[in-house]
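Presented below is the structure to which this report refers.
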Amino acid sequence: MEEIKTYADAIYQVKRGFLIIGLTGFTGSGCTTAMNILASERKPVLPDFEAVRGFADPDIDSRRYKRLQKTWESLEWKKFIPIEVAPVIFSLAAYQAINSKEDHEILGKVRGIVKDDHDEMAGLQYLYSGTERTEETAKQLIGAYEKSRRLYGQFKNVSTSGLSEFIELMQNLGDQIRKFGKVSPGNEAVPEPEHVFVLPEAIRRLIKAYRLAKQASHFVIDAFRNPYEVEYFKRRYSEFYLVGILRNSKDRIGSLMRSMSEDDVDKLEKRERGKSIKDRTQGNIAQWVTSQNIEEILQKADVYMKNIDGNKSYPQLRFNLAKLIALVKEPGCITPTIDEGSMQIAMTARQMSGCISRQVGAVVVNSDGYILGVGWNDPPKGQIPCEMRTGKELVDSPKPDVFSEYERSEEFVNHIRENCYSDLPFCFRTEYARISTGKMTEFTRALHAEENALFQSVHNAESGLKGSVLYTTASPCTLCAKKAYQLGISRIVFIEEYPGIALEQTLKAGTQDIQIDQFEGIVGGAYFQLLSSLLPEKDLIQLYLPRSELNAG
């Protein structure tokens with residue numbers, strides 16, 4: 001622990017202890033690279049300003065960089081303990097292989113790998129056990145996990161014939177653990193809700209063991225693939241920050257295809273995006289709650305960082321990781337960028353949406369960063385959002401000011417009576433798709449968030465929107481992209497990439513040169529937690545900076 005000499009030291013010490021950084025991103029994004037930077041024995045070097053400039057206005061950024069540099073250089077480096085989810089899955093498989101006689105192909109391979117290490121692996125029992133931890137049992141668990149982590153490499157070499165098969169195998173084992181609590185449940189096993197957090201519980205026990213046996217305080221988890229496991233950590237640890245690692249899709253998929261076929265990459269993308277399960281129903285809830293959905297996880301991230309190809313020293317990743325740690329240790333040491341402040345408004349706006357399927361927020365700012373309009377996806381003014389209407393209300397008392405003429409038709413009412421007759425809201429687009437020829441996006445009831453923000457901006461801006469910037473939590477669809485193009489938007493910043501070709505087809509056309517950027521920075525609850533100072537800077541200067549320094553020059 002750092003020496004405490006002043007009340008400022010004591011107050012900031014609260015933020016300089018325990019810390020967990022969770023990583024998420026699609027396969028090939030660079031989560032493992034980020035983990036290795038944090039797990040370094042030596043303090044990572046802050047990249048030169050010239051290597052990372054371009055986040056915002058250059059003059060402002062250079063000053064922000066110098067403030068960050070000063071904070072970073074003053075901080076004591078604490079190596080992060082890496083906890084990799086895949087070796088934890090293997091550890092749970094190893095425990096089952098050692099302690100059961102089940103005739104299962106994967107368990108058989110695991111037994112062959114761990115057959116000479118039963119004594120060293122005995123501590124794996126504490127991944128499941130909720131008994132009171134002692135320093136001795138903590139050491140046993142750490143030793144068993146680290147041994148298991150080394151043996152995981154052998155498992156990777158003998159279990160499948162290629163990378164795509166191995167990734168699918170580990171995905172399946174993870175899903176099995178979330179459903180059944182173990183990798184091989186047996187033919188008669190039934191998924192039980194009590195098992196959904198077995199994996200994060202095991203990670204939590206590992207963290208507790210390292211804290212007890214090695215007095216470790218900083219941890220990095222590589223990598224989250226299930227959104228409910230993220231919620232587990234967010235709700236349990238106030239000093240948990242989820243980092244979304246972003247990499248250009250073309251570059252990422254191109255690198256994957258060097259070791260995987262196109263079909264295998266498509267299959268992986270579909271599964272990681274949560275698209276392998278077509279519909280979420282009560283009948284298949286065990287499947288979609290326990291499966292991977294990185295798209296959904298990325299919406300929960302506190303910090304977004306880009307991993308840009310071309311420089312293997314990863315200056316942008318190192319810079320942003322240093323920025324995150326500096327803000328954790330000394331909240332408010334630098335102010336938010338215009339991008340962060342604007343996207344935070346869009347993130348707040350999306351909470352206003354009454355859509356039960358997907359909430360999106362957007363904000364338009366002028367070239368100086370002043371807000372022109374804010375929007376979220378909702379029906380036009382005078383119409384009731386879906387979350388405020390129910391199937392039972394439509395069937396029993398279909399009021400014209402609540403339900404459209406079509407919704408009150410015999411065909412649609414009969415469909416709702418048979419499928420959605422309850423006091424719960426229903427999604428018009430989903431139900432319409434079920435009784436029509438297919439899913440028709442244009443029949444959504446809501447105006448998109450970008451539309452609402454653009455309409456409001458046109459009303460407020462006296463000289464038009466030429467040169468303005470659109471911030472949106474999801475990249476615009478084709479219809480919204482056309483409106484942004486027509487109105488003269490010069491830059492679009494988004495978090496989540498909306499499926500389709502709007503960016504390439506609509507925005508990258510004609511004579512306008514629209515800059516398109518995936519967001520990088522801090523948003524959500526972390527925005528206030530990291531960017532709000534614990535003590536006003538003026539007080540720190542007047543109370544703790546020596547008078548000789550104040551009067552110098």
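Scanning segment 134-163 for residues that are open to solvent by 30 Å² or more (accessible area, probe 1.4 Å) and of a type in the set (Ser, Thr, Tyr), we see that the one that is farthest from the chain's Cα centre (by Cα) is 134.
In segment 480-504, the residue that is modelled with the lowest pLDDT out of those that are in a helix (DSSP H, G or I) and open to solvent by 30 Å² or more (accessible area, probe 1.4 Å) is 504. Here segment 10-40 is the region considered, the condition is being modelled with pLDDT of 95 or more and more than 28 Å from residue 496 (Cβ to Cβ), and the residue that is most open to solvent (accessible area, probe 1.4 Å) is 40. Answer with yes or no whether residue 133 is closer than 30 Å to residue 183 by Cβ, touching a residue at least 24 places away in the same chain (Cβ under 8 Å) and in contact with a Pro (Cβ under 8 Å, 6 or more places away or on another chain). Against the criterion (closer than 30 Å to residue 183 by Cβ, touching a residue at least 24 places away in the same chain (Cβ under 8 Å) and in contact with a Pro (Cβ under 8 Å, 6 or more places away or on another chain)), residue 133 does not qualify. Restricted to helices (runs of 4 or more DSSP H) entirely inside segment 232-300, those with at least 3 residues that are surrounded by fewer than 15 Cβ atoms within 10 Å (Cβ to Cβ) and not acidic (Asp, Glu) are 249-256. Kindly provide the set of residues from segment 1-51 that are outside any loop (DSSP other than H, G, I, E, B), in contact with a strand residue (DSSP E or B) (Cβ under 6 Å, 6 or more places away or on another chain) and among the hydrophobic types (A, V, I, L, M, F, W, C), ordered by number. The answer is 19, 20, 21, 23, 31, 34, 35, 38.
Of the listed requirements (1) closer than 30 Å to residue 488 by Cβ; (2) in a helix (DSSP H, G or I); (3) modelled with pLDDT of 90 or more; (4) not small (Gly, Ala, Ser), residue 415 misses just one: (1).
Filtering segment 377-396 to residues that are open to solvent by 50 Å² or more (accessible area, probe 1.4 Å), of a type outside the set (A, V, I, L, M) and either part of a loop (DSSP other than H, G, I, E, B) or closer than 16 Å to residue 357 by Cα (or both) leaves 381, 382, 383, 387. Only one of the listed residues (358, 318) is more than 18 Å from residue 518 (Cβ to Cβ), in a helix (DSSP H, G or I) and not hydrophobic (A, V, I, L, M, F, W, C). That residue is 318. In segment 264-287, the residues that are under 23 Å from residue 161 (Cα atoms) reach residues that are outside any helix (DSSP H, G or I) and open to solvent by 40 Å² or more (accessible area, probe 1.4 Å) with C-beta atoms within less than 9 angstrom, at least six apart or across chains, in these pairs: 264/257; 265/257; 267/276; 269/275; 270/276; 272/225. If only residues of segment 301-318 that are more than 19 Å from the chain's Cα centre (by Cα) and open to solvent by 20 Å² or more (accessible area, probe 1.4 Å) are counted, the one that is modelled with the lowest pLDDT is 310.
Within segment 187-209, the residues that satisfy the criterion of being of a type in the set (D, E, K, R) and within 21 Å of the chain's Cα centre (by Cα) are 201, 204.
The values are calculated or read from the model by the stated rules, or taken from the named source; none is laboratory data. Fair warning: this is a prediction, and the values are worked out from it, not measured in the lab. Note that we place each Cβ from the backbone using ideal geometry, even for glycine, and neighbour counts take in every protein chain shown. Note: accessible area is taken over every heavy atom of the protein model, side chains too, but ligands, DNA and RNA are not part of it. Shrake-Rupley method; radii C 1.70, N 1.55, O 1.52, S 1.80 Å.
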